[in-house]
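Peer 1: Quick one: structure below, then a few questions.
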Amino acid sequence: MLKLRDGIVELYRKVATSIPNDIEEALKATFGKETEPLARKSIDIVLKNISLARTSSRPICQDTGFPVFFVKVPIGLSHRNIREVIVDATRLATKRVPLRANAVSSITDMNSGDNVGDSFPLIYIDETEEQTLTVDLMLKGGGSENLGQVYKLPMELCLGQGTECITLKAERDFDGIRKCVLDALFKAQGKGCPPYTIAVAIGGAKDQVSFLSKRQLMRRLQDVHPDPAIAGLESRILNEVNSLGIGPLGFGGQTTALGVKIAAAHRHPASYFVDISFACWANRRGRLVW
């Protein structure tokens, strides 16, 4: 288990200091097509920071995030032991990478100092029939996490503020989901460092859709949903989002989001929840196969 622990420490280092290839390539493409001067300048700075962080092996953002793990464990391997290894690796990574200590008690307001606390890091474990253990890690920034929204449809939405507010009725259908994304984006604007990756989940329970939407942020941008209806909705919403003109870091431009990823779960007939999660341009995620 010591090798696994050290492997997870290095996974922390990789995720904290290096942007995934698909995200970096999308940002380069964004720079190439943006014509708004401030948007181009902001993306240019982002790309230089990515290169500097990688070559210096330093965290790409001062907020090294809330660690979220999605783990697939071969049958017969103790889930409790895996959790203990992850917690131990988190303490070591906080010192070695280093990571900013972000685990604060909701009761005492005291920082643990090592990124370990109650349900911190957040660890989801599933069993797999494969013989390999897969550890996916996302470092979720606090700014983008604060932008997340959950909706209970049907409901009325107000896009805009004051006298400029446009009232829309979001029904229990794909168009209602689209309106929820637009509402969440109008609330977010540039507060969470776009271009965003936007994740959406539809289902019948609040905790169900919260988990599923966050997991969608682990999907690569080129990933196409196997259900053509969902894939079409992802493409439609992405195109509409990028027509709004919020742009990189909120400075205007053509690229407000790099991708939209959607999950749909079965629901109770009486419930229809839509959860929306945002990742900033630094969608920090990575995988260890052991």
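Peer 1: For the pair Ser56 and Leu122, what calculated FRET efficiency results from E = 1/(1 + (r/R0)^6), where r is the Cβ-Cβ distance and R0 = 30 Å, to the nearest 0.05? Mind showing how you got there, number by number?
Peer 2: Values: r = 28 Å, r/R0 = 0.94.
Computed FRET efficiency for Leu122 and Ser56: 0.60.
Peer 1: Counting DSSP beta bridges with both partners in the chain, what percentage is antiparallel, nearest 5? Let's see the in-between values first.
Peer 2: Numbers: 31 of 45 bridges.
So the antiparallel bridges in the chain amount to around 70 percent.
Peer 1: Taking 0.36 nm per residue of separation and subtracting the Cα-Cα distance, what length does fully extending Asn21 through Ser112 add? Each step should come with its number before you reach the end.
Peer 2: Numbers: separation 91, 0.36 × 91 = 32.76 nm, distance 3.28 nm.
Length gained, Asn21 through Ser112: 29.5 nm.
Peer 1: So for the range 144-281, averaging the separation of alpha carbon pairs under 8 Å that are six or more residues apart and normalising by length, what relative contact order in percent results?
Peer 2: 39
Peer 1: Modelled label-to-label distance, Lys28 and Arg287, 7 Å Cα→beta-carbon offset: nm?
Peer 2: Those two pseudo-labels are separated by 2.1 nm.
Peer 1: Run the helix sum for the chain: -39,500 (n - 2.57) per DSSP H stretch of 4+ residues, divided by residue count, reported at 222 nm to the nearest 500 deg cm²/dmol.
Peer 2: Value at 222 nm, helices only: -12500 deg cm²/dmol.
Peer 1: Could I ask something else about it? Apply 1/(1 + (r/R0)^6) to the Cβ-Cβ distance of Lys41 and Arg236, taking R0 = 30 Å, and write down the FRET efficiency to the nearest 0.05. Write down the numbers at each step before the final one.
Peer 2: Details: r = 30 Å, r/R0 = 1.01.
Efficiency, from the Cβ-Cβ distance: 0.50.
Peer 1: For a paramagnetic label modelled at 7 Å from the Cα of Arg172 toward its Cβ, which residues of the range 192-219 fall within the zone defined by backbone nitrogen distances under 15 Å?
Peer 2: Residues 202-206 qualify, since their backbone N sits under 15 Å from the label point.
Peer 1: Turning to a different aspect of this structure: Straight-line reach only, C-alpha to C-alpha below 18 angstrom: list the lysines that Lys140 could link to, leaving out same-chain residues fewer than 8 apart.
Peer 2: In chain and number order, the partners are Lys14, Lys191, Lys214, Lys261.
Peer 1: Take Ile23, Ile75, Ile202 and order them by how many other Cβ atoms sit within 10 Å, fewest up front.
Peer 2: Working: Ile23 22, Ile75 9, Ile202 27.
Listing Ile23, Ile75, Ile202 from fewest to most nearby Cβ atoms yields Ile75, Ile23, Ile202.
Peer 1: For the range 90-130, which GluC sites (Glu not before Pro) pass both filters: DSSP loop (anything but H, G, I, E, B) and at most 15 other C-beta atoms within 10 Å?
Peer 2: Glu129, Glu130
None of the figures in this text is laboratory data; all of them are computed from the coordinates on show. Remember, predicted model here, so these are calculated numbers, not experimental data. Virtual Cβ from ideal backbone geometry, glycine too; neighbours counted across all protein chains shown.
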